[in-house]
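Let me begin by presenting the structure, written as structure tokens, before commenting on it.
The values are calculated or read from the model by the stated rules, or taken from the named source; none is laboratory data. It should be emphasised that the depicted structure is a prediction, and the values quoted were computed from it without experimental measurement. Because the Cβ atoms are built from the backbone with ideal geometry, glycine has one as well, and the counts that use them run over all protein chains shown. Just the protein is used for accessible areas: all its heavy atoms, side chains included, with ligands, DNA and RNA removed. Shrake-Rupley method; radii C 1.70, N 1.55, O 1.52, S 1.80 Å.
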Amino acid sequence: MLSPDAQVVLQPGQGRPSVELTDLRSGTTVEIKGLPQNSIVIRAEDFENPLTMFNGSKGERKRADFVIVSNDDNERKWVICIETQEMDSKLASHVIQQLKGAYCFISYCKCIGKSFWKLDEFLDDYEYRFVSIVDINFNASRRRTEPFDSKGKLHNNPDLFLKISRSPTIYFRKLINFVP
């Protein structure tokens, strides 16, 4: 269904694959380790920007950088929307808009699967997680412009995303379960 150019290639790992997510605008890279074998990683930012359809006044033209679709070993189904950025400079409201855009992108894919591929349960029963990964190339001289913290809350909607800072390597299990 998806063009190979829209997917990020998984790298073999010790038992489980990993993936390197590179933010094309900043050139920063974060590695996600411990992915389930059948994961698909989509470069959601490559989805054509709907400039001619929406005016963008509510952020409806925005979209997070990556989406991971996966079924884990316990038969749980996951969609993880990820926004990456070099430094913690975006307002939380902008990150929320980007994560909402990625959610809408997956909703569109879900509709395509059901309508054109005739898969009645396509992407049903998936649990969503929303993550912002910042300060990937950490520099101690930088200051944060707006703190945002969702500690203690499940990051299953864009308004309560999990923020991970200063970590060039992240394990899949941290993305799906809140780990303080």
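Yes or no: Ile106 at pLDDT below 95 and in contact with a strand residue (DSSP E or B) (Cβ under 8 Å, 6 or more places away or on another chain)? Criteria not met by Ile106. Of all residues assigned to region 123-138, at least one qualifies as being over 26 Å from Thr28 (Cβ atoms), modelled with pLDDT of 75 or more and open to solvent by 70 Å² or more (accessible area, probe 1.4 Å).
Candidates in region 59-71 are the residues that are at pLDDT below 90 and of a type outside the set (Gly, Ala, Ser); of these, the one that is nearest to Ala44 (Cα to Cα) is Arg63. Return the total of residues in region 37-87 being among the small types (Gly, Ala, Ser) and in contact with a helix residue (DSSP H, G or I) (Cβ under 6 Å, 6 or more places away or on another chain). Of the residues in region 37-87, 3 are among the small types (Gly, Ala, Ser) and in contact with a helix residue (DSSP H, G or I) (Cβ under 6 Å, 6 or more places away or on another chain). Within region 27-48, track down each residue that is under 14 Å from Ala64 (Cα atoms) and over 15 Å from the mean Cα position of the chain (by Cα). Across region 27-48, the qualifying residue is only Glu48.
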